[in-house]
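Enquirer: Take this structure first; my questions come after.
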Amino acid sequence: MDKTVTSERRNFDVIVIGAGSGGLNIAAFMNRIGLSVLLIDKEDRAIGGDCLNFGCIPSKALIHAAREVAAARRATAWGIRIDGEVDWKLVRSHIVNAQETIREHENAGWFRLKGMTVVLGEAAFSGPRSVMVKGTEYFGTRIVIATGSRPRQLTGQGIEQVAQVLNNENIFSLERLPRRVLILGGGPIGIEMAQALQNLGVSVTVSDRGEHILGKEDSEIADILQKQLEAEGVTFLLASALQEFTGPNEATFTLSGGRVETVSFDAIFVAIGRELNIEGLALDRAGIETDGKGRLVVNEYLQTSSKHVYACGDVAGNFQFTHAAEMHAAVIIRNMFSPFKRRFSGDHISSVTYTSPEVATFGLAPHELTRRDIAHEVLCTDFGDDDRAITDGYRYGKQKLYVGSKGELLGGTMVAPHAGELMQELVLARSASLPLSALFNKTYAYPTAARINKRTAATYMTRQLTLWRVRLLRLLFKVV
Ligand SMILES: Cc1cc2nc3c(=O)[nH]c(=O)nc-3n(C[C@H](O)[C@H](O)[C@H](O)COP(=O)(O)OP(=O)(O)OC[C@H]3O[C@@H](n4cnc5c(N)ncnc54)[C@H](O)[C@@H]3O)c2cc1C
């Protein structure tokens, strides 16, 4: 142990390592109810975590700017003339403004004012119930690891000669945008960035090993998005494997069938997955186990192998979203107070890829329903003759809902403008165990885009009209 350790013993009810989406939720609640909370992050500007600094906020601010540019270009269809290029500095200051506005209530001073002890520096365990930061040791009755994740590094042959390697940690603060970007990884981060950059005037190529983009999504839904992106000029290299970087601005890929394709770029953007931030934590000093693959061993109650130490957010290794970190926090808070432990379940999780159109998904996917032997049917609605889709020009939209034998919503997915918003009432229906008939019986203002949910419900209700029910209705009509 470090000989410069401060001898004064500092005890806390809860120590939270990492002041991002997960850690802040837990720290704020524990502080509100009067427990002593120590919140640790590397530095003041790191508070807010990935979401504020390198993830959700800068990416959604960038997407907002890019959407406005795309909308302005589309407006030429109505006779308006648009010329000129995007001023990246203005886009960047919009991103920074969004971050700084949120930072006003996400900083060390703010949380200290609220009553928390905030310590800045890298934390590492010094024992089962103690954590060391810059030579001072702190003791906690409960400890939460909420240290998040970082972009997985690319290790392809010749990577050292690449002119500019970008990822979500450096792209938002670029001085100027590269002219051509090769994006490695066709998941949500890669695809959101692909469309935003293309709309801002960058020429984008996306490569992915999979047969379709957004590998975790339904392939029909992902294909519809891909076509929209292709129409905007994004190039896709799917089912491709990076062979090597042959120079600072060039890479070769092997495609299915053995064909080799060369791609030129000014910068690459790496979005090939995430690695968990655990290696600097000296977990062995606390007897906390890892699985040997860079992941914490975490049980369904989100406890590590040391039961009073919990894992929250990305570092817990399941769903990597801000709202998943919030769900973790809710489970952990409950489990710290109750002898009746609650399991974390991702069965109600939802996610949105913030492209135009958006891809929104919730609940259980068909392969999972089949794996669990849950009887279900798939209701599929094309938006082709939806009145709002006709007026607003998104007849390509598609929705799939998975419905159980009692008419209960089990999950679903859709691609449409603002699909993430359209999905919210479906998420509520699923979590409140409402049957599809609840959507059918609701009166939707005409012509709201959300009426598509009622349409799918109507398909289901119509299917329930069996022959004998129809006969019964006819009979009732005659006798009443
Ligand atoms: C480009 C991008 C876009 C995204 N968009 C969305 C989105 O639209 N919606 C969504 O739900 N999710 C999105 N995400 C995911 C979301 O950002 C993460 O899931 C979320 O931030 C995870 O929260 P967390 O608390 O687990 O970790 P973080 O928010 O990353 O917080 C971890 C904190 O721990 C600190 N830390 C790490 N190690 C130590 C240590 N040893 N000592 C002290 N402090 C330490 C870090 O500095 C950091 O502040 C996006 C991610 C990226 C990369």
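The values are calculated or read from the model by the stated rules, or taken from the named source; none is laboratory data. None of the values given here were measured: they were computed from a predicted structure. Quick reminder, even Gly has a Cβ in these numbers, built from the backbone with ideal geometry, and neighbours come from all protein chains shown. Protein only, heavy atoms only, side chains kept; ligands, DNA and RNA dropped before computing areas. Shrake-Rupley method; radii C 1.70, N 1.55, O 1.52, S 1.80 Å.
Enquirer: Under 7 Å between Cβ atoms, at least 6 apart or on separate chains: pull out the pairs that start in the range 303-318 with a residue that is within 16 Å of residue 51 (Cα to Cα) and touching a residue at least 60 places away in the same chain (Cβ under 8 Å) and end on any residue that is open to solvent by 10 Å² or more (accessible area, probe 1.4 Å) and part of a helix (DSSP H, G or I).
Expert: Correct list of pairs: 313/21.
Enquirer: How about the range 366-391: which of its residues are under 25 Å from residue 451 (Cβ atoms) and of a type in the set (A, V, I, L, M)? Spell out the reasoning first.
Expert: Within the range 366-391, the subset under 25 Å from residue 451 (Cβ atoms) is 366, 376-391.
Of everything in the range 366-391, those that are under 25 Å from residue 451 (Cβ atoms) and of a type in the set (A, V, I, L, M) turn out to be 378, 379, 389, 390.
Enquirer: A further question follows. Could you list, in sequence order, all residues of the range 289-316 that are more than 13 Å from the ligand (Cβ to nearest atom) and touching a strand residue (DSSP E or B) at 6+ places or on another chain (Cβ under 9 Å)?
Expert: 289, 290, 294, 295, 297, 301, 303, 304, 305, 306, 308, 309
Enquirer: A further question follows. From (1) within 19 Å of residue 419 (Cβ to Cβ); (2) buried (at least 16 other Cβ atoms within 10 Å of the Cβ); (3) within 16 Å of the ligand (Cβ to nearest atom), pick out the condition that doesn't hold for residue 228.
Expert: (3)
Enquirer: Would you say residue 432 is open to solvent by less than 10 Å² (accessible area, probe 1.4 Å), touching a helix residue (DSSP H, G or I) at 6+ places or on another chain (Cβ under 9 Å) and aliphatic (A, V, I, L, M)?
Expert: On the way: open to solvent by less than 10 Å² (accessible area, probe 1.4 Å): no; touching a helix residue (DSSP H, G or I) at 6+ places or on another chain (Cβ under 9 Å): yes; aliphatic (A, V, I, L, M): yes.
Answer is no for this residue.
Enquirer: Which members of the range 120-141 meet the condition of being crowded, with 19+ Cβ neighbours inside 10 Å and within 13 Å of the ligand (Cβ to nearest atom)?
Expert: The answer is 123, 125, 126, 131, 132, 133, 138.
Enquirer: Of all residues being open to solvent by less than 70 Å² (accessible area, probe 1.4 Å) and aromatic (Phe, Trp, Tyr) in the range 350-384, which is farthest from residue 461 (Cα to Cα)? Just the residue, please.
Expert: 362
Enquirer: In addition: Restricting the search to the range 17-41, which residues are out of contact with any strand residue (DSSP E or B) (no Cβ under 6 Å at 6 or more places or on another chain) and more than 10 Å from the ligand (Cβ to nearest atom)?
Expert: 28, 29, 32, 33, 34, listed by residue number.
Enquirer: Filter the range 317-349 down to residues that are open to solvent by 20 Å² or more (accessible area, probe 1.4 Å) and under 30 Å from residue 234 (Cα atoms) and give me whichever is farthest from the ligand (Cβ to nearest atom).
Expert: Taking the candidates together, the pick is 319.
Enquirer: Could you grab the pairs with beta carbons closer than 6 Å, sequence gap of 6+ or different chains, first residue in the range 348-372 and over 19 Å from residue 225 (Cα atoms), second one within 11 Å of the ligand (Cβ to nearest atom) and at pLDDT below 95?
Expert: 349/319
Enquirer: Just checking, how many residues over the range 392-421 are part of a strand (DSSP E or B), open to solvent by 10 Å² or more (accessible area, probe 1.4 Å) and in contact (Cβ under 8 Å) with a residue 40 or more places away in the chain?
Expert: Result for the range 392-421: 3.
Enquirer: Further, regarding this structure: From the list 61, 65, 108, pick out the single residue that is hydrophobic (A, V, I, L, M, F, W, C), crowded, with 16+ Cβ neighbours inside 10 Å, under 24 Å from residue 278 (Cβ atoms) and within 16 Å of the ligand (Cβ to nearest atom).
Expert: Values: 61 fails: under 24 Å from residue 278 (Cβ atoms); 65 fails: under 24 Å from residue 278 (Cβ atoms).
Result of the check over 61, 65, 108: 108.
Enquirer: Can you pull out every residue in the range 350-379 that is in a strand (DSSP E or B) and either away from the ligand (no atom under 16 Å from the Cβ) or among the polar types (S, T, N, Q) (or both)?
Expert: Correct list: 350, 351, 353, 361, 363, 376, 377, 378, 379.
Enquirer: Inspect the range 42-56 for any residue being surrounded by fewer than 21 Cβ atoms within 10 Å (Cβ to Cβ), more than 10 Å from the ligand (Cβ to nearest atom) and either among the hydroxyl-bearing types (Ser, Thr, Tyr) or at pLDDT 95 or above (or both) and give the result as yes or no.
Expert: Yes, the range 42-56 contains at least one residue that is surrounded by fewer than 21 Cβ atoms within 10 Å (Cβ to Cβ), more than 10 Å from the ligand (Cβ to nearest atom) and either among the hydroxyl-bearing types (Ser, Thr, Tyr) or at pLDDT 95 or above (or both).
Enquirer: Residues of the range 133-154 being assigned to a strand (DSSP E or B) and more than 16 Å from residue 13 (Cα to Cα), which ones?
Expert: If we filter the range 133-154 for residues that are assigned to a strand (DSSP E or B), which is where we start, we get 133, 136-145, 149-151.
Selection gives 133, 136, 149, 150, 151.
Enquirer: Are any residues in the range 175-186 assigned to a loop (DSSP other than H, G, I, E, B) and open to solvent by 20 Å² or more (accessible area, probe 1.4 Å), and if so, which ones?
Expert: In the first step, residues of the range 175-186 are kept if they are assigned to a loop (DSSP other than H, G, I, E, B); the result is 175-179, 185-186.
Across the range 175-186, the qualifying residues are 175, 176, 177, 179.
Enquirer: Moving on to the next point. Can you tell me how many residues within the range 155-173 are in a loop (DSSP other than H, G, I, E, B), open to solvent by 20 Å² or more (accessible area, probe 1.4 Å) and modelled with pLDDT of 95 or more?
Expert: So the count comes out to 5.
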